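Working notes for the structure below.
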Amino acid sequence: MKKILILSLLAGVSLYAIDYSKVIEHPDASEMIKKDLLAPAQVFAMPKGCITTDPEAIARGKFIFHNLNGKKAKKNPPKGLARKQMKPGKTYGPGDKIPAKQYGNCVACHNIEGARGAGNIGPNLTDYKENFIDTGARDYAFVYQKIADPRIDNPNTHMTVNLTTKLFTPKEICEIASYVVSKK
């Protein structure tokens, strides 16, 4: 009697069991992955006159270096930078939300004079010009390339790829590089 009851219960349950596999979405993840992949590493030529001693350019480089984004920036950005950034080619109407400008937050990984951040993951950039440029170990083009796309000399880097991804413009890369090599 127990066997018949168990079998009839199992048969009854199986009548109500539904195959949900046809209603579950199965997206093609390979397309999503392709979209998220970085473009191949790129070598960039440093623009003429890139490294400057112009105090306004260095101030912009410093601001980018020390802040994550415009919305949470510690102070007002210097002349030539804004808290928000319109996306190129997009038209904004009244009431449209303009996204916050993404800055570098380099101090999350690098130490440099006056830094307030973790600064213990990437190389210490304190006295960079004295230690690397003046000694001939590095040149300005190296600094520019390293900020633009650091994968050229280190394919396994965890540093942000800034110019290849268009996170920054060549001018902003020049300003960050000018700040790094400037006298603080």
- Item | Which of THR53, TYR103, ILE133, positive extreme of dipole for region 33-184 (C-beta unit charges) | TYR103
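Taking the Cβ of ARG138 as the centre, find all other residues whose Cβ is under 15 Å away and add up their charges (Lys, Arg: +1; Asp, Glu: -1).
Working: positive: LYS129, LYS146; negative: ASP127, GLU130, ASP134, ASP139, ASP153.
Charge balance near ARG138 sits at -3.
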- All alpha-carbon distances of region 117-169, grouped into 10 Å bins from 0, give the whole-percent distribution 23, 47, 30, 1
- Item | Unit charges on C-beta of K, R, D, E only; dipole of region 80-130, Debye | 440
- Query: Over all distinct Cα pairs, what is the inverse of the mean 1/r for the chain, reported as the Kirkwood hydrodynamic radius in Å?
  - Reply: 20.0
- Message: Please compute the modelled spin-label separation between LYS35 and THR165, points set 7 Å along Cα→Cβ, answer in nm with one decimal.
- Response: 1.7
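Region 44-113: percent of C-alpha pairs farther apart than 14 Å?
66
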- Which of the lysines could a cross-linker span from LYS75 if the Cα-Cα distance has to be under 17 Å and same-chain partners fewer than 8 positions apart are dropped? LYS62, LYS84, LYS101
- Under the 7 Å Cα-to-Cβ spin-label approximation, ARG138 and LYS79 lie apart by a distance in nanometres of 2.9
- Subtract the Cα-Cα distance of PHE44 and LYS71 from 0.36 nm times their separation in residues, and report this length gain in nm to one decimal. 6.7 nm
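Readers should treat all values here as calculations from the given coordinates under stated rules, not as data from a laboratory. Computed from a predicted model, the values in this text were never measured in an experiment. Backbone-built Cβ (ideal geometry, glycine too); neighbour counts: all protein chains shown.
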